[in-house]
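The values are calculated or read from the model by the stated rules, or taken from the named source; none is laboratory data. None of the values given here were measured: they were computed from a predicted structure. Note that we place each Cβ from the backbone using ideal geometry, even for glycine, and neighbour counts take in every protein chain shown.
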(Lines give C-alpha, C1' and ligand atoms only; values in the text may rest on other atoms or scores of the structure.)
Protein backbone atom coordinates (compact mmCIF):
# COMPACT_ATOMS: atom_id res chain seq x y z
CA UNK A 1 0.00 0.00 0.00
CA UNK A 2 1.29 3.42 -0.98
CA UNK A 3 1.91 5.85 1.89
CA UNK A 4 -0.01 9.12 1.73
CA UNK A 5 1.83 12.37 1.20
CA UNK A 6 2.82 14.08 4.49
CA UNK A 7 0.15 16.51 5.67
CA UNK A 8 2.69 19.31 6.04
CA UNK A 9 3.57 19.08 2.33
CA UNK A 10 -0.13 19.36 1.41
CA UNK A 11 -0.60 22.35 3.75
CA UNK A 12 2.45 24.12 2.29
CA UNK A 13 1.11 23.59 -1.24
CA UNK A 14 -2.32 24.96 -0.26
CA UNK A 15 -0.79 27.98 1.51
CA UNK A 16 1.53 28.64 -1.45
CA UNK A 17 -1.38 28.59 -3.89
CA UNK A 18 -3.43 30.94 -1.70
CA UNK A 19 -0.46 33.32 -1.49
CA UNK A 20 -0.15 33.34 -5.31
CA UNK A 21 -3.85 34.20 -5.60
CA UNK A 22 -3.78 36.95 -2.98
CA UNK A 23 -0.53 38.46 -4.29
CA UNK A 24 -2.05 38.69 -7.78
CA UNK A 25 -4.38 41.47 -6.54
CA UNK A 26 -2.39 44.41 -5.06
CA UNK A 27 -5.64 46.05 -3.92
CA UNK A 28 -6.06 43.23 -1.38
CA UNK A 29 -3.00 44.45 0.52
CA UNK A 30 -4.05 48.11 0.18
CA UNK A 31 -7.45 47.31 1.72
CA UNK A 32 -5.79 45.32 4.51
CA UNK A 33 -7.61 42.11 3.56
CA UNK A 34 -6.32 38.66 4.44
CA UNK A 35 -7.71 35.16 4.09
CA UNK A 36 -8.04 32.63 6.88
CA UNK A 37 -7.86 29.12 5.43
CA UNK A 38 -9.29 26.12 7.26
CA UNK A 39 -9.04 23.15 4.90
CA UNK A 40 -10.96 24.12 1.78
CA UNK A 41 -12.91 26.90 3.54
CA UNK A 42 -11.78 30.52 3.19
CA UNK A 43 -12.84 33.45 5.33
CA UNK A 44 -11.88 36.90 4.10
CA UNK A 45 -10.91 39.33 6.85
CA UNK A 46 -10.75 43.11 6.33
CA UNK A 47 -8.93 44.54 9.33
CA UNK A 48 -10.30 47.90 10.35
CA UNK A 49 -8.41 50.94 9.12
CA UNK A 50 -9.64 54.55 9.43
CA UNK A 51 -9.13 55.03 5.67
CA UNK A 52 -12.20 52.86 4.93
CA UNK A 53 -14.59 55.14 6.84
CA UNK A 54 -17.04 56.81 4.47
CA UNK A 55 -19.17 58.71 6.96
CA UNK A 56 -17.11 60.01 9.91
CA UNK A 57 -20.23 61.33 11.66
CA UNK A 58 -21.69 57.85 12.27
CA UNK A 59 -18.84 56.50 11.72
CA UNK A 60 -19.58 53.92 9.02
CA UNK A 61 -17.50 51.96 6.54
CA UNK A 62 -17.67 53.34 3.00
CA UNK A 63 -19.97 51.38 0.70
CA UNK A 64 -17.23 51.11 -1.92
CA UNK A 65 -14.88 49.52 0.61
CA UNK A 66 -17.59 47.01 1.49
CA UNK A 67 -18.36 46.24 -2.16
CA UNK A 68 -14.71 45.74 -3.07
CA UNK A 69 -14.18 43.54 0.00
CA UNK A 70 -17.11 41.33 -1.04
CA UNK A 71 -15.91 41.15 -4.65
CA UNK A 72 -12.37 40.21 -3.55
CA UNK A 73 -13.80 37.44 -1.37
CA UNK A 74 -15.84 36.12 -4.32
CA UNK A 75 -12.95 36.20 -6.79
CA UNK A 76 -10.47 34.49 -4.48
CA UNK A 77 -13.04 31.84 -3.46
CA UNK A 78 -13.82 31.05 -7.10
CA UNK A 79 -10.18 30.62 -8.07
CA UNK A 80 -9.45 28.74 -4.83
CA UNK A 81 -12.30 26.29 -5.36
CA UNK A 82 -11.25 25.69 -8.95
CA UNK A 83 -7.63 25.01 -7.96
CA UNK A 84 -8.52 22.74 -5.01
CA UNK A 85 -8.71 19.48 -7.01
CA UNK A 86 -5.37 19.88 -8.80
CA UNK A 87 -3.73 21.02 -5.53
CA UNK A 88 -4.84 17.82 -3.82
CA UNK A 89 -3.20 15.55 -6.39
CA UNK A 90 -0.14 13.98 -4.85
CA UNK A 91 3.16 15.66 -5.65
CA UNK A 92 1.58 18.41 -7.74
CA UNK A 93 3.42 21.66 -7.19
CA UNK A 94 1.98 25.17 -7.11
CA UNK A 95 3.90 26.15 -10.25
CA UNK A 96 2.21 23.38 -12.26
CA UNK A 97 -1.22 24.40 -10.98
CA UNK A 98 -0.45 28.03 -11.84
CA UNK A 99 0.89 27.14 -15.32
CA UNK A 100 -2.33 25.24 -16.06
CA UNK A 101 -4.27 28.45 -15.34
CA UNK A 102 -6.05 27.31 -12.17
CA UNK A 103 -4.78 30.34 -10.23
CA UNK A 104 -5.97 32.92 -12.75
CA UNK A 105 -8.76 35.12 -11.49
CA UNK A 106 -12.16 35.28 -13.19
CA UNK A 107 -13.48 38.49 -14.75
CA UNK A 108 -16.51 40.14 -13.19
CA UNK A 109 -19.61 40.26 -15.39
CA UNK A 110 -21.88 41.88 -12.79
CA UNK A 111 -21.86 42.31 -9.04
CA UNK A 112 -24.84 43.38 -6.94
CA UNK A 113 -24.43 44.40 -3.30
CA UNK A 114 -27.19 44.58 -0.69
CA UNK A 115 -26.24 46.92 2.16
CA UNK A 116 -28.18 45.58 5.13
CA UNK A 117 -26.86 47.91 7.87
CA UNK A 118 -24.00 50.31 8.46
CA UNK A 119 -20.57 48.76 8.70
CA UNK A 120 -19.16 49.76 12.07
CA UNK A 121 -15.53 50.83 12.58
CA UNK A 122 -14.21 47.33 13.29
CA UNK A 123 -12.93 44.23 11.51
CA UNK A 124 -15.14 42.67 8.83
CA UNK A 125 -15.46 39.04 7.76
CA UNK A 126 -16.85 37.50 4.59
CA UNK A 127 -17.47 34.06 3.15
CA UNK A 128 -18.34 33.30 -0.43
CA UNK A 129 -20.42 30.37 -1.63
CA UNK A 130 -20.11 29.28 -5.25
CA UNK A 131 -23.62 28.56 -6.54
CA UNK A 132 -22.50 27.42 -9.97
CA UNK A 133 -19.15 27.11 -11.62
CA UNK A 134 -18.67 25.80 -15.12
CA UNK A 135 -15.94 26.08 -17.70
CA UNK A 136 -17.01 29.56 -18.79
CA UNK A 137 -19.36 31.05 -16.20
CA UNK A 138 -19.75 31.14 -12.43
CA UNK A 139 -22.26 32.52 -9.94
CA UNK A 140 -21.25 33.39 -6.36
CA UNK A 141 -23.05 34.63 -3.23
CA UNK A 142 -21.05 36.44 -0.52
CA UNK A 143 -22.06 37.35 3.03
CA UNK A 144 -20.26 39.85 5.28
CA UNK A 145 -20.56 40.35 9.02
CA UNK A 146 -18.65 41.95 11.85
CA UNK A 147 -19.24 40.71 15.40
CA UNK A 148 -21.98 38.15 14.83
CA UNK A 149 -22.21 35.85 11.81
CA UNK A 150 -26.01 35.87 12.15
CA UNK A 151 -26.16 39.69 11.72
CA UNK A 152 -24.96 40.38 8.21
CA UNK A 153 -24.09 43.95 7.33
CA UNK A 154 -23.88 43.27 3.58
CA UNK A 155 -24.33 40.51 1.04
CA UNK A 156 -23.68 40.29 -2.67
CA UNK A 157 -24.28 38.16 -5.72
CA UNK A 158 -21.89 38.14 -8.64
CA UNK A 159 -21.52 36.52 -12.02
CA UNK A 160 -18.08 35.87 -13.44
CA UNK A 161 -16.40 34.83 -16.68
CA UNK A 162 -14.01 31.99 -15.89
CA UNK A 163 -10.52 31.99 -17.41
CA UNK A 164 -9.67 29.22 -19.84
CA UNK A 165 -7.37 26.50 -18.56
CA UNK A 166 -4.17 25.39 -20.27
CA UNK A 167 -4.86 21.67 -19.88
CA UNK A 168 -5.59 18.94 -22.40
CA UNK A 169 -8.96 17.31 -22.67
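Residue-by-condition table, conditions (1) in contact (Cβ under 8 Å) with a residue 40 or more places away in the chain; (2) at positive phi; (3) over 13 Å from the mean Cα position of the chain (by Cα); (4) surrounded by 12 or more Cβ atoms within 10 Å (Cβ to Cβ):
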site: 135; (1), (2), (3), (4): no, no, yes, no
site: 140; (1), (2), (3), (4): yes, no, no, yes
site: 146; (1), (2), (3), (4): no, no, yes, yes
site: 164; (1), (2), (3), (4): yes, no, yes, no
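Filter segment 34-48 for residues that are surrounded by fewer than 14 Cβ atoms within 10 Å (Cβ to Cβ) and in a loop (DSSP other than H, G, I, E, B) and give the result.
Those that are surrounded by fewer than 14 Cβ atoms within 10 Å (Cβ to Cβ) and in a loop (DSSP other than H, G, I, E, B): 39, 40, 47.
For residue 39, all conditions in the list (1) touching a helix residue (DSSP H, G or I) at 6+ places or on another chain (Cβ under 9 Å); (2) at pLDDT 95 or above hold save one; what is the number of the exception?
(2)
Hey, among the residues in segment 71-89 that are free of Cβ contacts under 8 Å to residues at least 60 places away in the same chain and touching a helix residue (DSSP H, G or I) at 6+ places or on another chain (Cβ under 7 Å), which one's nearest to residue 124 (Cα to Cα)?
Of the residues in segment 71-89, the ones free of Cβ contacts under 8 Å to residues at least 60 places away in the same chain are 72, 76, 79, 81, 84-86, 89.
If we keep only those that are touching a helix residue (DSSP H, G or I) at 6+ places or on another chain (Cβ under 7 Å) as well, we get 72, 76, 79, 86.
On the way: 72: 13, 76: 16, 79: 21, 86: 30 Å.
Among them, the one singled out is 72.
Out of segment 148-162, which residues are touching a residue at least 40 places away in the same chain (Cβ under 8 Å) and either in contact with a helix residue (DSSP H, G or I) (Cβ under 7 Å, 6 or more places away or on another chain) or surrounded by 13 or more Cβ atoms within 10 Å (Cβ to Cβ) (or both)? Talk me through it step by step, then tell me what you get.
Step one: list which residues in segment 148-162 are touching a residue at least 40 places away in the same chain (Cβ under 8 Å), which gives 153-162.
The answer is 153, 154, 155, 156, 157, 158, 159, 160, 162.
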